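Written out below as structure tokens is the structure these notes cover.
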Amino acid sequence: TSVYFKHLDSYHTVGLSLELSLDEIAQIVSSYQIYYHEKANLLVMVYGYYHLMITKHCLINKAYGLNKKYCSKCYQKQHYLRDRLGFMFPLIDDGDCNLITLNSRRLHLIDYIAKLQKIGISNFLIDFTIEDNANEIADIIKTYTQVFLGKEASFLFLMAISKKEYYNGITQMV
């Protein structure tokens, strides 16, 4: 529905939910074009650790036994939540002491770029949040840029990163 509000409120770009299937994205693009007689300016996140949850109370602060805001412990080292299966979920601060829990695995949709472009998506988000290796970041940007331009790219170094399958309504991690 936010896609339709884009037209009414003159938003420039609308980011689509990660829970949409490829078919649902195609349907949104098609419906928008039919209804408004113009191309929808939509964005899909294709790389990064996406947000799972935001908490108002800082778990890092509490873990150190502190009761004050802006303790800056979250900036001193990377903190994680570990679930019962051993997955590590990165924690980051939003700048106002609200804690953001990121997915334990990076989203990686490089295999879907051509399909997304074919159905009308022209804006892609590559979101670097906790990556700190400059060479890895440069390689990811270079590889995705080549794929965005329709060129052959070697992305074997990305294969250890999770992919999301766009098939059954709510996408599934593989």
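The values are calculated or read from the model by the stated rules, or taken from the named source; none is laboratory data. Since the structure is predicted, the reported quantities are computational estimates derived from the model, not experimental observations. Side chains included, ligands, DNA and RNA excluded: accessible areas come from the protein's heavy atoms. Shrake-Rupley method; radii C 1.70, N 1.55, O 1.52, S 1.80 Å.
Miscellaneous remarks
- Cα gyration tensor category, rounded, prolate or oblate, for the range 35-166 with a/c compared to 1.5: prolate
- Candidate aspartates and glutamates for bridging to Lys73, where Cα separation is under 15 Å - those fewer than 8 sequence places away on the same chain excluded: Asp93, Asp94, Asp96
- Percent accessible area from carbon and sulfur atoms, the range 1-155, protein chains only, probe 1.4 Å: 52
- Look at the Cα gyration tensor of the range 77-120: its axes a ≥ b ≥ c give a/c of at least 1.5 with a/b at or below b/c, and that counts as oblate.
- For the residue pairs Lys39/Lys118; Lys77/Lys142; Lys118/Lys151, the C-alpha atoms sit more than 18 angstrom apart in Lys77/Lys142.
- Shape of the range 22-76, Cα gyration tensor, a/c cut at 1.5: prolate
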